[in-house]
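In what follows, a structure is listed as C-alpha cells, so that the remarks can point back to it.
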Amino acid sequence: MKILIAGANSFLGRNLKKYFSQIDAYNVSFLAREDIDFSEIHKLSDYCQQIKPDLLIHAAVSLDDFQNNISMYLSLEQCSAHCGKVIMIGSGAEYSHQRYKPLMQENYYNPNEPPINNNTYHLSKHIISRLHSASALSNIYNFRVFGLYGPYEDYTRRLISNNIFKYLVSGEMSASTNHAFDYLYVDDLINAILHFANSPTTPKFNTYNVCSGRSDRFFDILSEVVISLGGTPSVIKMESTEPTSYIYSGNCSRFEHEFNYQIQRTNYSKSATLLKSWISSEILPVN
C-alpha cells in the first residue's frame, strides 16, 4: 500500500513518522509545509497525480488561520481524484461546544446550526464539515477525534502531558475544572486508520467518530497518571473536584460495527509512562 502523509511535522504527522519507521509493510511518503503549501490548491493535487497514493492522510491544521484550514480542505477535494482513500482528521469541535452532550453520534452534527462563537479553529472545522457533508466526492473520510493525545503534542497547554511535565519539574499537578473528556492515545488512532485502510468493507458514510467512546474526569485521569509515576493524588491541586456539566465525548459505534473493529484504548498508566519518556528525553533537556 502506498501512503502519503500530508502535515509530516504536525503532532499526528510526527507520530505517524515514528510509527511507520518501525514497520516495513507500507510504502510511505511524508510531506511538510516546507515541501508544499497545502493551501495552494493545485500543488498537492499535482503531487498526488504523480505518485497516486492508495491512502492520503491529511494531518495538517492551523489553530489560528481560518483561511488556511478552508483552503487545505479544498486542496483535498482537488487531489482526491488521484488517491484511493483520503482521510482528513476532523474534530469533535465540529459539534460546537455549547451544544455538547455525552457520547455524541455523527448525526448529532447539524450543518444548519453554525457555531455559537467565532473561535477560528471551531468555526473552520464546522465549515469544513459542512462542505464535506455537501460534497459529492465519495473517497474523502472525516475522522472526528476528540481528546487525542501523545508525544509531540503541545505540552504547554494539553492536560496530560502538561501535568506530567509539571510533576517532573515541581512534584505537583493541577487542573482548573473537573471536566470530562474523551481521550484517545495517538497510536490507537493510527491503528484504527490502518484497519480502515486495509478493510475490504466499502464505507457507508463519509464521517466517523474515531475516539474512545467514553468520558473521563480530569481528576480521575490525573490520579491514574500520577500513581503510575510513583506519586499520589494528594499532589493534584484543583479548586474543586466536583464534576462539571462539560462532557466532551463521542459515540464510536458506527466505526466499530461497520468495520468489525474495537478501537484500542491505551490506559492512562501506560500512556503516562510513554509520555514521561518523551518529556524526559526531548523536553526537559531543552528547558
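I'd like the projected area of region 1-45, averaged over all directions, using the convex hull of its alpha carbons. Report it in nm² with one decimal.
So the Cα hull casts an average projection of 3.3 nm².
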Any cysteine of the chain lacking a neighbouring Cys Cβ under 4.7 Å - listed by number
CYS83, CYS211, CYS252
Two decimals, Cα atoms only, Kirkwood Rh: what is Rg/Rh over region 25-72?
0.98
Determine the relative contact order of region 42-191: mean sequence separation of Cα pairs under 8 Å and six or more apart, normalised by residue count, in whole percent.
23
Run through all the Cα pairs of region 59-130 and give the fraction in each 5 Å bin from 0, expressed as whole percent.
3, 16, 26, 22, 18, 11, 4, 1
Ranked output for segments 253-262, 177-186 by mean other Cβ atoms within 10 Å, highest leading, reads 177-186, 253-262
Among ILE140, SER253, MET238, pick out the residue whose Cα is farthest towards the positive end of the charge dipole of the chain, where Lys and Arg carry +1 and Asp and Glu carry -1 on C-beta, about the Cα centre.
SER253
In whole Å, how far is the Cα centre of region 2-30 from that of region 154-197?
21
Whole-percent pair-distance distribution, where bins are 10 Å wide, for the alpha carbons of region 155-287:
12, 37, 29, 17, 5, 0
If amide H atoms are built 1.01 Å from N in the plane of the peptide, which residues on other chains or at least 5 residues away come under 5 Å of the amide H of ILE236?
MET173
Spatially proximal lysines relative to LYS43 (Cα-Cα < 21 Å; intrachain offsets below 8 disregarded):
LYS2, LYS52, LYS85
Cα axis of helix 218-228 to longest principal axis of the chain: angle in degrees, 0 to 90, nearest 10?
70
Pairs of alpha-carbon atoms within less than 8 angstrom and 6+ residues apart define the contacts here; what relative contact order does region 88-154 have, in percent?
50
Ignoring everything except DSSP H segments at least 4 long, calculate the 222 nm mean residue ellipticity for the chain; use -39,500 (n - 2.57) per segment, divide by total residues, nearest 500.
-11000 deg cm²/dmol
No solvent, one uniform scatterer per C-alpha: report log10 I(q)/I(0) for region 18-99 via the Debye equation at q = 0.11, 0.19, 0.26 1/Å, two decimals.
-0.34, -0.90, -1.35
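Dipole of the chain, Cα-centred, from +1 at each Lys and Arg C-beta and -1 at each Asp and Glu C-beta, to the nearest 20 debye?
Charge dipole of the chain: 280 debye, to the nearest 20.
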Let me make sure I get this right: for region 163-204, a, b and c are the square roots of the gyration tensor eigenvalues over alpha carbons, sorted descending. Under 1.5 in a/c it's rounded, otherwise prolate if a/b > b/c, else oblate. Which is it?
oblate
Based on the alpha carbon coordinates of the chain, what radius of gyration and maximum Cα-Cα distance (Dmax) apply, in Å?
19.0, 57
Given the peptides 158-167, 277-286, arrange them by the average over their residues of other C-beta atoms within 10 Å, most packed first.
158-167, 277-286
Relative contact order (%) - criterion: Cα under 8 Å, at least six apart; region: the chain
18
What are the principal axis extents of the Cα atoms in region 109-194, in Å, biggest first?
53, 35, 19
Helix 268-278: inclination vs the chain longest Cα principal axis, degrees, rounded to 10, gives 80
Each label point is 7 Å from the Cα along the Cα-to-Cβ direction; what then is the distance between the points at SER269 and PHE66, in nm?
4.7
Could you check how much of the accessible area of region 71-149 is carbon and sulfur, as a whole percent, using a 1.4 Å probe?
49
Carbon and sulfur together cover what percent of the accessible area of region 167-287 at a 1.4 Å probe radius?
48
Computed FRET value (nearest 0.05) for TYR108 with VAL286, which takes r as the C-beta separation and R₀ as 45 Å
0.60
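The values are calculated or read from the model by the stated rules, or taken from the named source; none is laboratory data. Everything numeric in this text was worked out from a predicted model, so none of it was measured. Don't worry about glycine lacking a Cβ; one is built from the backbone with ideal geometry, like all the others, and counts go over all protein chains shown. The accessibility values were calculated without ligands, DNA or RNA, using every heavy atom of the protein model including side chains. Shrake-Rupley method; radii C 1.70, N 1.55, O 1.52, S 1.80 Å.
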